[in-house]
């Protein structure tokens with residue numbers, strides 16, 4: 001999984017709840033990697049320490065991830081998520097890129113990899129179907145919503161909160 005902010009924390013917890021044995025979180029921010037480990041990531045990768053695709057492949061004995069997620073919305077990271085997935089793996093694009101952005105994959109490699117590429121808007125959740133389950137998971141202590149909030153700010157500090165998000169500080173800032 002690429003990106004360990006609030007959405008990335010949701011992906012980590014979803015993988016943990018689904019029973020994933022290996023959960024690898026990739027993020028350049030130490031605080032976010034640590035939060036991902038607390039949320040259930042079994043491994044964390046610092047892209048500043050070398051090619052993150054190679055680091056993920058090394059952690060998966062060269063196979064790649066069964067499922068990879070890009071949650072930042074940057075085209076170059078979408079390609080990395082594709083490259084991190086194993087042959088016939090599933091790549092899910094969650095992050096919202098700027099309108100008009102594109103990304104390119106090597107056509108022959110993409111076709112012969114058998115990988116599935118999917119977009120995901122709000123995790124594919126449907127309020128009436130999914131929220132009761134999320135509530136039950138949170139009430140049972142299996143979904144830790146509090147861990148995804150690193151700071152709460154008053155409405156009059158909303159600009160400070162937005163600035164922190166832009167600087168990738170903390171996991172998620174919530175306005176109260």
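Quick one: grab the alpha carbon gyration tensor of the chain, order the square roots of its eigenvalues as a ≥ b ≥ c, and give me rounded if a/c is under 1.5, else prolate or oblate depending on whether a/b is larger than b/c. Spell out each step's value before the answer.
On the way: a/c = 1.59, a/b = 1.42, b/c = 1.12.
Prolate, because a/c is 1.5 or more and a/b exceeds b/c.
With the Cα gyration tensor of the range 127-176 giving a ≥ b ≥ c as the square roots of its eigenvalues, does the rule (a/c under 1.5 for rounded; else a/b larger than b/c for prolate; else oblate) give rounded, prolate or oblate?
Details: a/c = 2.81, a/b = 2.28, b/c = 1.23.
Here the range 127-176 falls in the prolate category.
Taking the Cα centroid of the range 1-34 and of the range 131-164, what is the distance between the two, rounded to the nearest whole Å?
16 Å
Tell me the angle of helix 127-139 to the major Cα principal axis of the chain, expressed in degrees between 0 and 90 and rounded to the nearest ten.
The two axes meet at around 70 degrees.
Between rounded, prolate and oblate, where does the range 24-115 land on the alpha carbon gyration tensor, with a ≥ b ≥ c its root eigenvalues, rounded for a/c under 1.5, else prolate if a/b exceeds b/c? Show your work: numbers first, answer last.
Working: a/c = 1.94, a/b = 1.25, b/c = 1.55.
Oblate shape, in that a/c is at least 1.5 and b/c is the bigger or equal ratio.
Given the rule -39500 (n - 2.57) for each run of at least 4 DSSP H residues, summed and divided by the residues of the chain, what is its mean residue ellipticity at 222 nm, to the nearest 500 deg cm²/dmol?
Details: 7 runs with 70 residues, N = 176.
Mean residue ellipticity at 222 nm (helix-derived): -11500 deg cm²/dmol.
Want the number for residue 174 to residue 111: 0.36 nm per residue separation, take away the alpha-carbon distance, what's left?
On the way: separation 63, 0.36 × 63 = 22.68 nm, distance 4.17 nm.
Computed gain between residue 174 and residue 111 is 18.5 nm.
Measure nothing fancy, just the Cα-based angle from helix 75-84's long axis to the longest principal axis of the chain, in degrees from 0 to 90, nearest 10.
Orientation of helix 75-84: about 60 degrees from the principal axis.
What is the calculated FRET efficiency for residue 103 to residue 142, with r their C-beta to C-beta distance and R₀ = 30 Å, to the nearest 0.05?
Details: r = 34 Å, r/R0 = 1.14.
For residue 103 and residue 142, the calculated efficiency is 0.30.
Please state the relative contact order of the range 1-150 as a whole percent: Cα pairs under 8 Å, 6+ residues apart?
Details: 241 pairs, mean separation 29.6, N = 150.
For the range 1-150, the relative contact order is 20 percent.
In degrees from 0 to 90, rounded to the nearest 10, what is the angle of the helix 30-39 Cα long axis to the longest principal axis of the chain?
90 degrees
Between 146, 161, 114, which gets the highest mean-square fluctuation from a Gaussian network model of the chain, Cα cutoff 10 Å?
146
Expected output is a single nm value to one decimal: the length gained when fully extending between residue 66 and residue 38, i.e. 0.36 nm times separation in residues minus the C-alpha distance. What is it? Show your work: numbers first, answer last.
Details: separation 28, 0.36 × 28 = 10.08 nm, distance 2.17 nm.
7.9 nm is the gain from fully extending residue 66 to residue 38.
Values quoted throughout were computed directly from the atomic coordinates according to the rules given, and no laboratory measurement underlies them. Note that the coordinates shown come from a computational prediction; the quantities given were computed from them, not determined experimentally. Every residue, glycine as well, gets a Cβ built from its backbone with ideal geometry; the counts of neighbours run over all protein chains shown.
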